[in-house]
Amino acid sequence: MFIRSLGKKKTLTKMAIFEGVGEPASPFTRVLQTPSFNLTVIAVMGFASPIDIVCLKHDVSEKLAKHPRFASLLVMEDEKRYKMLWKSTEVNINDHIFVHDINPELEPKHADIFLEEFTKALSEKPLDSSKPLWEIHLLNMKTTNSNATIVFKIHHSLGDGVSLISIVLAVGCKSSDPEALPVLPSSTKRRSNQNKKGFFRAFFSFIWMVILMMYYTIIDSWAMLGTVLFFKDSDNPLKGGKGIEKSTKRYVHKIFNMDDVRLIKNSMDTTVNDVLFGVTEAALTRYLQRRYEKIMENEDKETVKKRLRQLRVRAAVAFNMRPSATIQDAYEVMQKRKELDVKTWGNMVSFVVIPLKLIVHEDPLRYVHGSKALLNRKKLSFQPLISYYILRIVIHLFGLTYGAAMIHKLHSKISFNMTSVMGPREDMNLFGSPVSYLAPTVSGVPSSTLIHFQSFGNKLILSLALDEKLIPDPQQLCDDFHHSLQLIKDAVVKTIVSDDNQSSY
């Protein structure tokens, strides 16, 4: 029997049984309230100038606090079946906005350390369920990358990552036009050359594609089931053990140039996610090689590389099962111009397990080529959809505890979690100040390592949530990501220059 009891339901402290009318919480929202999968978004936002507290409270009161999810309590309808309802309530802004006194003479490098300690302590304190599940913490201090910082703490049951970012950004405006809302880039698909093929060739290509989709769906679905049941990753410095969701995490971030990613993407005819996964594979290979060289100090480098190749290291990647609410949608809901559409708001996600090949390549472009081939293959599989509906069936037949245990088992068997979210491409203002960057992450994940990429304007922000005992050098890991991105970019530039020189002859 692979499902274990999750124990007593202690997450929703002070939650009263509610009898009355309210909007039922979705199954995944209820899963996110269980003790073993109690997720909270911790989002650090840097600003170019200090924040006016009056402006902050006004914008939050008139916009953010008027969104139904940010003005509702999650209350228990049926404690036995763990059924919950969203019930609207009055929001007292002073219960949600906290202004912290910071030494104005604090040096930026010391402020960076203070911010790490602050987010670490904030993640360990549970949200008060007697009020809407969100908080805003203002730190008017100068760090390396900003002149003021706001830390958002929002329970993940309020929405998926894209939805929550959309509603926060809907409070602001474009820097170039105070009357215009920021806009998230739409995902564009590369055009197929199918229409250039003859009829018979196109027909047989279609049949072959259907066969591949069926084959990959079966393979991936069995692999997912095997992971939940017994198939786990090799022991390695990235992988935690039992109870890892309760371990102390350190939250760090590093800012890169998004133009570098776009250069690689356009030059290699890939997607942004292809590039990011390739960079991740290169960075983790570099980091783990260094760690194993210390562990196997009496062995030569070739033996260490062989050990790396033998490791089974996989990532669990969140997969959104539906289009998320846009910034315009969130704004209109806050302005009471439209009702909250539950079809585009909330949590409807599944997971894809992606293996890494920890190989030290002489040519760094091979990391991107490999990730492109792997992710293209994953796109042919319906495993995320099947896994999602299997989870729904398990919850319906056996209860929420069993569904939550399945998700917990999955994440505890793999080495790390990885997510990426696209932000607005244009500069924007929020709470009366230009936004410098956004670095979101999640606490409570049953994994020792969480890697998140967030684009924002011409910046790419890497956010890491790491177990301090397993990864004592988080800044070194950040540097490995930066070095790997730089190596891939330099290789692309070298290829472009070489091609230009050949074309000039």
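The values are calculated or read from the model by the stated rules, or taken from the named source; none is laboratory data. Treat the numbers as computed from the prediction; the structure is a model and nothing was measured. In this analysis, Cβ positions are derived from the backbone assuming ideal geometry, glycine residues included, and neighbour counts consider all displayed protein chains. What goes into the accessible areas is simple: the full protein's heavy atoms, side chains included, and nothing from ligands, DNA or RNA. Shrake-Rupley method; radii C 1.70, N 1.55, O 1.52, S 1.80 Å.
May I ask you to rank CYS173, CYS478 by accessible area, largest first, using a 1.4 Å probe over the protein chains only?
Numbers: CYS173 25, CYS478 0 Å².
Reading off the accessible areas and sorting them downward yields CYS173, CYS478.
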Provide the gained length on full extension for the span GLU293 to LYS109, in nm with one decimal, where the gain is 0.36 nm per separating residue minus the Cα-Cα distance. 63.2 nm
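Leaving out ligands and nucleic acids, note down the accessible area per residue over the chain with a 1.4 angstrom probe, in whole Å². Mind showing how you got there, number by number?
On the way: 24900 Å² over 505 residues.
Accessible area per residue: 49 Å².
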Measuring from the lowest to the highest alpha carbon on each principal axis, how far does segment 116-156 reach, largest first, in angstroms? 35, 17, 15
Estimate the FRET efficiency between GLU62 and ASP473 by the formula 1/(1 + (r/R0)^6), using the beta-carbon distance for r and 56 Å for R0, to the nearest 0.05. 0.80
Considering amide H positions built from the backbone, and no H for Pro or chain starts, which residues 5 or more places from ILE461, or on another chain, come under 5 Å of its amide H? PHE256, GLN454, SER455, PHE456
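For segment 362-435, just say rounded, prolate or oblate: build the C-alpha gyration tensor, square-root its eigenvalues into a ≥ b ≥ c, call rounded for a/c under 1.5, and beyond that prolate if a/b exceeds b/c, oblate if not. Can you show the working numbers first?
Values: a/c = 2.43, a/b = 1.30, b/c = 1.87.
Cα axes put segment 362-435 in the oblate bin.
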Cut-off under 5 Å, modelled amide H: who pairs with GLU77 long-range: PHE18, LYS83, MET84, LEU85
Not counting ligands, DNA or RNA, and with a 1.4 Å probe, what is SER146's accessible surface area in Å² rounded to the nearest 10? 10
How compact and how long is segment 197-299, expressed as Rg and Dmax of its alpha-carbon atoms in Å? 20.7, 62
For the chain, with all protein chains present and a 1.4 Å probe, just round the carbon and sulfur fraction of the accessible area to a whole percent. 55
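At 0.692 mPa s and 37 °C, plugging the Kirkwood radius over alpha-carbon pairs of segment 329-486 into Stokes-Einstein gives what diffusion coefficient in µm²/s?
Numbers: Rh = 19.2 Å.
Stokes-Einstein gives a translational diffusion coefficient of 171 µm²/s.
Could you sort out which of LYS174/LYS489; LYS63/LYS336; LYS265/LYS494; LYS66/LYS87; LYS120/LYS254 sit more than 19 Å apart by Cα distance in this structure? Walk me through the intermediate numbers first.
Working: LYS174/LYS489 30 Å; LYS63/LYS336 10 Å; LYS265/LYS494 15 Å; LYS66/LYS87 14 Å; LYS120/LYS254 16 Å.
Going by Cα-Cα distance, LYS174/LYS489 fall outside the 19 Å limit.
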Between HIS482 and PHE231, what is 0.36 nm times their sequence separation minus the Cα-Cα distance? Round to one decimal in nm. 87.2 nm
For segment 410-505, shape from the Cα gyration tensor axes a ≥ b ≥ c, cut at a/c of 1.5 then a/b versus b/c, turns out oblate
Would you mind computing, in nm to one decimal, how far apart the modelled labels at ASP300 and SER175 are, each placed 7 Å from Cα along Cα→Cβ? 5.4
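Counting only C-alpha contacts under 8 Å and six or more residues apart, can you give the relative contact order of segment 357-505 as a whole percent?
On the way: 125 pairs, mean separation 28.3, N = 149.
Rounded, it is 19 percent for segment 357-505.
Set the Förster radius R0 to 51 Å, insert the Cβ-Cβ distance between PHE203 and LYS336 as r into 1/(1 + (r/R0)^6), and round the FRET efficiency to 0.05.
0.50
When the helices in the chain are scored as -39500 (n - 2.57) per DSSP H run of 4 or longer and the sum is shared across all residues, what 222 nm value do you end up with, to the nearest 500 deg cm²/dmol?
Numbers: 13 runs with 199 residues, N = 505.
When only DSSP H runs of four or more count, the value is -13000 deg cm²/dmol.
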What's the FRET efficiency of ARG425 with PHE398 using the Cβ-Cβ distance as r and R₀ = 51 Å, to the nearest 0.05? 0.70
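What length, rounded to one decimal in nm, is gained on full extension from MET321 through to ILE218, with 0.36 nm per residue of separation minus their alpha-carbon distance? Don't jump to the answer; show the numbers that get you there.
Working: separation 103, 0.36 × 103 = 37.08 nm, distance 1.89 nm.
Length difference between fully extended and current span is 35.2 nm.
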Given the C-alpha centroids of segment 237-289 and segment 368-400, what is the distance between them in whole angstrom? 21
For labels at VAL54 and GLN310 in the simple 7 Å Cα→Cβ model, what's the distance in nm? 6.8
Using +1 on the beta carbon of Lys and Arg, -1 on that of Asp and Glu, and nothing else charged, what's the dipole of the chain about the Cα centre, debye to 20? 2060
Collect residues whose amide H, placed 1.01 Å from N in the peptide plane, falls under 5 Å from the amide H of ALA315; neighbours closer than 5 in sequence don't count. ILE354, LEU356
Segment 37-140 - Rg over Rh from alpha carbon coordinates, Kirkwood radius: 1.03
Relative to the compact-globule scaling 2.2 N^0.38 Å, provide the ratio for the alpha-carbon radius of gyration of the chain. 1.00
Would you mind calculating the relative contact order of the chain from Cα pairs under 8 angstrom and at least 6 residues apart, reporting the percent as a whole number? 25
Protein-only accessible surface order, largest first, of ARG291, ARG425 at 1.4 Å: ARG425, ARG291
How far is it, in nm, from the label point at HIS361 to the one at ASP128 when both lie 7 Å from their Cα along the line to the Cβ? 5.2
